[in-house]
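Take a look at the structure set out below.
The values are calculated or read from the model by the stated rules, or taken from the named source; none is laboratory data. Note that the coordinates shown come from a computational prediction; the quantities given were computed from them, not determined experimentally. For neighbour counting, all protein chains shown are included, and Cβ atoms are generated from backbone atoms with ideal geometry for every residue, glycine included. Calculation scope for accessible area: heavy atoms of the full protein, side chains included, ligands and nucleic acids excluded. Shrake-Rupley method; radii C 1.70, N 1.55, O 1.52, S 1.80 Å.
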Amino acid sequence: MKIAIHHRKGSFSERWIAYCEKNAIDYKVVNAFDSDIIQQVKDCDAFMWHHHHGHFKDVIAAKKILFSLEQAGIKVFPDFNTGWHFDDKVAQKYLLEAIDAPLVPSYVFYDKKEAMTWAQQTSYPKVFKLKGGAGATNVKLVKNKKDAEKLINQAFGKGFSQFDRLNNLKEKCSKYKNGKESLLGVAKGVGRLVVSSDFDRQQAPERGYIYFQDFIPNEGFDIRVVVIENKAVALKRVTRKNDFRASGSGNLVFENEHIDKRYIKIAFDLSEKLKTSSLAIDLIHSKQDAIYVVEISYGFPMLNFLDCASGYWDNMLNWHQSYFNLQEWIIGSSLKDIKDRD
Ligand SMILES: Nc1ncnc2c1ncn2[C@@H]1O[C@H](COP(=O)(O)OP(=O)(O)O)[C@@H](O)[C@H]1O
Ligand SMILES: [Mg+2]
C-alpha cells in the first residue's frame, strides 16, 4: 500500500507524514500543482490533501484533482461527500435542508428585486454571510432594513471582497489587547488597509447573490464537534467581547464529557447521513433551548484540540477518557477503508 500526500507546512500533512514514518507505511510527498499530478499518483492507493480556503491555488485546484482521482477508484481525502461543500455556506444550506438537518433558518437570493422585497417584510436582526470565509471574517449582524438594503445593493453592485480589511484590523487590535497578537501583527493590519493580500488580488469579488440567516439569540458561545470514524470530540468557543461571533475569537473552553450530548448526537447523525470521513460542525444553542447547525467543514485548525481535550465520545455516546490525534484518526480510517476494499 502506498499513499501520496500533498504537504503544506502547518497543515494536517505534517501529522500524516509523521504517522507514515512511525508505522512504516510507504508514502510519497507530491506537489498537487504539478501538471502531471494524476500520473504521479497513479501508482498510489490513496491521495491526501489538507487544502485550505485561504490559499488561492488550493481553492482553484484541490476539488478538481481530488474528485478526479476518486472517480478513478483512488481513495482520497477529503472525498466528494466530505469536501464538495467546503467553504460554501450556500451549498451547505441546500445540503442541510435536503437532509432535514436543524439548520438555522437561512435565505439566499440571486435577484436584487426579490432580495429587496424580502428585506421590506422580514424581521430583524438577521445575520449576513458571504458563502466563503472562516473565523467569522465574513459574518455581520444586520440590525435593520436599512442595513439589509445597503448589503443587497453592494451584493448586486460592486460586490464584496472576501478579505474585509477594516474587520481584519479590528480583530488584530482586540487580539493585541488580550495578548494574542503582536504589535507587528497590528502594524501589518494597518498596512493591509492600503496593500491588498495576494488572495484578495486573485479572488474575484463576491457578488450576484446574497445570503442571510435568522439571528439566533444565544448565551454567547458556539460548540464545534468533529466526527471522524465513529468518534467525536468537541469544544466550546466563547464570543468576542461585545460581539455575537464565536469562531475566530480564540476563546476556547474544553468542557469534555460535560458538553450537552445533544450536540454530539446531532453531529453523529449528520456525519452518518452525509457519509463524511471528517466533519466539523458548528452549532449554537438558542435561548429557547433549541440547537441549530450554523455551518459544516471537513477541515479545522490543526491545533484546535491539541493537548486540551481529554477524551472523545463513541457513536453510542459513551465518553472515553483518552489521548487522541485527529489527523491520525483521519489517515488511519483511510487506510482501513483501503484494506477493507481489497
Ligand atoms: N444565525 C446566527 N445566529 C447567531 N449567531 C450566529 C449565527 N451564525 C453565526 N453566528 C455566530 O457567528 C460565528 C461565525 O459564523 P459562521 O457561520 O460559523 O462563520 P465562519 O465560517 O466565519 O466561522 C459563529 O461562530 C457563531 O458564534
Ligand atoms: Mg464557523
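Distance in nm between label sites at Arg262 and Thr122, each 7 Å beyond Cα in the beta-carbon direction?
Placing both labels 7 Å along Cα→Cβ, they lie 2.4 nm apart.
For segment 104-214, give the percent of accessible area contributed by carbon and sulfur heavy atoms, probe 1.4 Å, rounded to a whole number.
Answer for segment 104-214 is 55 percent, counting heavy atoms of protein chains only.
In percent, how large is the relative contact order of segment 221-324, given Cα pairs closer than 8 Å and 6 or more residues apart?
Relative CO of segment 221-324 lands at 30 percent.
Along the charge dipole of the chain, which of Leu270, Phe324, Phe215 sits closest to the positive end, that is, farthest toward it, with unit charges on the beta carbon of Lys, Arg, Asp and Glu (+1, +1, -1, -1)?
Phe215
Using θ = phi - 60° and the Karplus form 6.51 cos²θ - 1.76 cosθ + 1.60, what ³J(HN,Hα) does each residue of segment 125-131 get, whole Hz, x for Gly and Pro?
Result, rounded to whole Hz: x, 10, 10, 9, 9, 7, 5.
Over 18 Å between Cα atoms, which of Lys177/Lys241; Lys131/Lys180; Lys75/Lys275 qualify?
Beyond 18 Å: Lys131/Lys180.
Can you tell me the accessible area per residue over the chain, all protein chains present, probe 1.4 angstrom, in square angstrom?
48
For Leu252 and Glu97, what is the calculated FRET efficiency with R₀ set at 35 Å and r taken between the beta-carbons, to the nearest 0.05?
After rounding, the FRET efficiency stands at 0.75.
Taking the Cα centre as origin and putting +1 on Lys and Arg beta-carbons and -1 on Asp and Glu beta-carbons, what dipole magnitude results for the chain, to the nearest 20 debye?
Roughly 1420 debye, rounded to the nearest 20.
Let me check something: with ligands and nucleic acids excluded, how do Met116, Met48 order by accessible area (1.4 Å probe), largest to smallest?
Met116, Met48
Given DSSP loops and a limit of at most 16 other Cβ atoms within 10 Å, what is the longest stretch of the chain that contains no such trypsin sites (Lys or Arg not before Pro)?
43-142
Within straight cross-link reach of Lys9, meaning Cα distance under 16 Å, which lysines are found once same-chain residues fewer than 8 apart are removed?
Counting by Cα, and skipping residues close in sequence, Lys9 has these lysines nearby: Lys28, Lys57.
List the aspartates and glutamates whose alpha-carbon lies under 20 Å from that of Lys236, not counting same-chain residues fewer than 8 positions away?
Hits, sequence-local ones excluded: Glu171, Glu219, Asp222, Glu255, Glu257, Asp260, Asp269, Asp282, Asp289, Glu295, Asp307, Asp314.
Only Cα pairs under 8 Å and at least 6 apart count here; give the relative contact order of the chain as a rounded whole percent.
The normalised contact order for the chain reaches 17 percent.
When you have a sec, figure out the Kirkwood radius of the chain from all distinct Cα pair distances and drop it here in Å to one decimal?
21.4
Read phi for every residue in segment 245-258 and hand back ³J(HN,Hα) as whole Hz from Karplus 6.51 cos²θ - 1.76 cosθ + 1.60, θ = phi - 60°, with x for Gly and Pro.
Calculated HN-Hα couplings, in order: 9, 9, 5, x, 6, x, 8, 9, 10, 10, 8, 6, 5, 8 Hz.
Going through segment 1-107, which chymotrypsin sites (Phe, Trp or Tyr not before Pro) have at most 14 other Cβ atoms within 10 Å and a DSSP loop state?
Hits after loop and neighbour filter: Phe33.
Report, in whole Å, the centroid distance computed from the Cα atoms of segment 187-250 and segment 127-181.
What the calculation gives is 9 Å, centre to centre.
Treating cross-link reach as a plain straight distance, find the aspartates and glutamates whose alpha-carbon is under 15 Å from the alpha-carbon of Lys175, omitting any fewer than eight places away in the same chain.
Straight-line reach from Lys175, under 15 Å: Asp243.
Could you give the size of the charge dipole of segment 38-77 about its Cα centre, using +1 on the Cβ of each K and R and -1 on the Cβ of each D and E, expressed in debye and rounded to the nearest 20?
120
So if I place +1 on the C-beta of Lys and Arg and -1 on the C-beta of Asp and Glu, and nothing else carries charge, what would the dipole magnitude of segment 201-296 be about its Cα centre? I want it in debye, nearest 20.
Charge dipole, segment 201-296, about its Cα centre: 260 debye, nearest 20.
Just flag the chymotrypsin sites (Phe, Trp or Tyr not before Pro) in segment 275-328 sitting in loop per DSSP whose Cβ has no more than 10 other Cβ atoms within 10 Å.
When the chymotrypsin sites (Phe, Trp or Tyr not before Pro) of segment 275-328 are filtered for loop state and at most 10 Cβ neighbours within 10 Å, Tyr323 remain.
Please give the FRET efficiency for Asp198 paired with Asp243, using the beta carbon to beta carbon distance and R0 = 30 Å, rounded to the nearest 0.05.
0.60
Under the 0.36 nm per residue contour assumption, what length would be gained going from the current alpha-carbon distance of Arg8 and Ala72 to full extension?
20.6 nm
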